[in-house]
1. Give the calculated FRET efficiency between residue 153 and residue 22 to the nearest 0.05, with a Förster radius of 22 Å applied to their Cβ-Cβ distance.
2. Arranged by the count of other C-beta atoms within 10 angstrom, fewest first, what order do 12, 359 take?
3. For region 1-105, what class follows from the C-alpha gyration tensor (a ≥ b ≥ c being the square roots of its eigenvalues): rounded when a/c is under 1.5, otherwise prolate if a/b is larger than b/c, else oblate?
4. Helix 15-44 against the longest principal axis of the chain: what's the angle in degrees, Cα atoms only, rounded to the nearest 10?
5. If I model a spin label at residue 51 and residue 132 as a point 7 Å from the Cα along the Cα→Cβ vector, what separation in nanometres do I get?
6. Taking 0.36 nm per residue of separation and subtracting the Cα-Cα distance, what length does fully extending residue 99 through residue 65 add?
7. According to the square roots a ≥ b ≥ c of the eigenvalues of the Cα gyration tensor, what is the shape class of the chain, taking rounded for a/c under 1.5, prolate for a/b larger than b/c otherwise, and oblate for the remainder?
8. Between residue 259 and residue 115, take the C-beta separation as r, use R0 = 56 Å, and let me know the FRET efficiency to the nearest 0.05.
Ligand SMILES: [Zn+2]
């Protein structure tokens, strides 16, 4: 992908170079004001207004007679100024349109440029080369830079250079086209994600995803339906009905769960360049008869499945921690391990004294695996 960028640094000019820059800025201002006068006149006479190309052609004719001093400056300076003038009119006509449409805008006809506002500026195109301590411009030659290593020396396409004066100091601004691979991916952070029963997912940066509220109610209903099934006689029509209702409740829970998981997994794979998850013991987890735990396990499995395929879409790497990595027992600050009571929400380290939310501590531990 190509993006436009500007780099501005101060120039370190000698007396001769300053004179040349003042002359270029003067030529640019002259061309702009002369072009504006031509356009105004055409307006007043009801004629078609001349374009930058028309004006440049006419200016070249005048250069041969009364404007011979313009030969001392690069032809780019007046040419670019006439282009700016065209742009000024484009914006003017846009504002007129907006005003007519009822917008509260100042129409503001383009102004003549005055010396009162400083020496002004000029823009050059063509052969522009950046060196370590200087920049080479058409006509002006090599100009020293006050700052080294800021202007891009290679890997970019230079479109133009604008030289400007402000309070006695001269600056150069380079407009360049930079080719970048994937801006988003480079800026995306990495994260550890702890999946659990209490919170669906805790991210190492502090963000977490709660279990959807609807899940709680649905779980209650599921429990009731399960009891209802076991109370009915096997093979009876009533049991058959109860089984059907139970299946519907399971389906509903899985949908609620999936929706919530999709939100979390899309967010994570789009905003992170890599995430670390616990590696789940799939054969072990289904043996647990505790309903909430069983549902959570299914959710974790689904979470992992989603981040793996979405990670491929959005360029997010998914890493699984070793099954025996003690993410909940380890202190994310000092690395000490200690036994934790599952009902306890806080992790309090006996070695370094750190107190932290238990799931957050686990998520940070998982993230740290990326740096091992
Ligand atoms: Zn500690």
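1. Once the sixth-power term is evaluated, E becomes 0.20.
2. 12, 359
3. The shape class here is oblate.
4. Approximately 90 degrees, to the nearest 10.
5. Label-label distance for residue 51 and residue 132, simple model: 4.6 nm.
6. That works out to 8.0 nm of additional length.
7. Because a/c hits 1.5 or more and a/b exceeds b/c, the chain counts as prolate.
8. So, using R0 = 56 Å, E works out to roughly 0.25.
Every read-out reported here was derived from the displayed coordinates using simple, explicitly stated rules and does not represent laboratory data. Small disclaimer: the values here were computed from a predicted structure and weren't measured. Cβ atoms come from the backbone with ideal geometry, glycine included; neighbour counts cover every protein chain shown.
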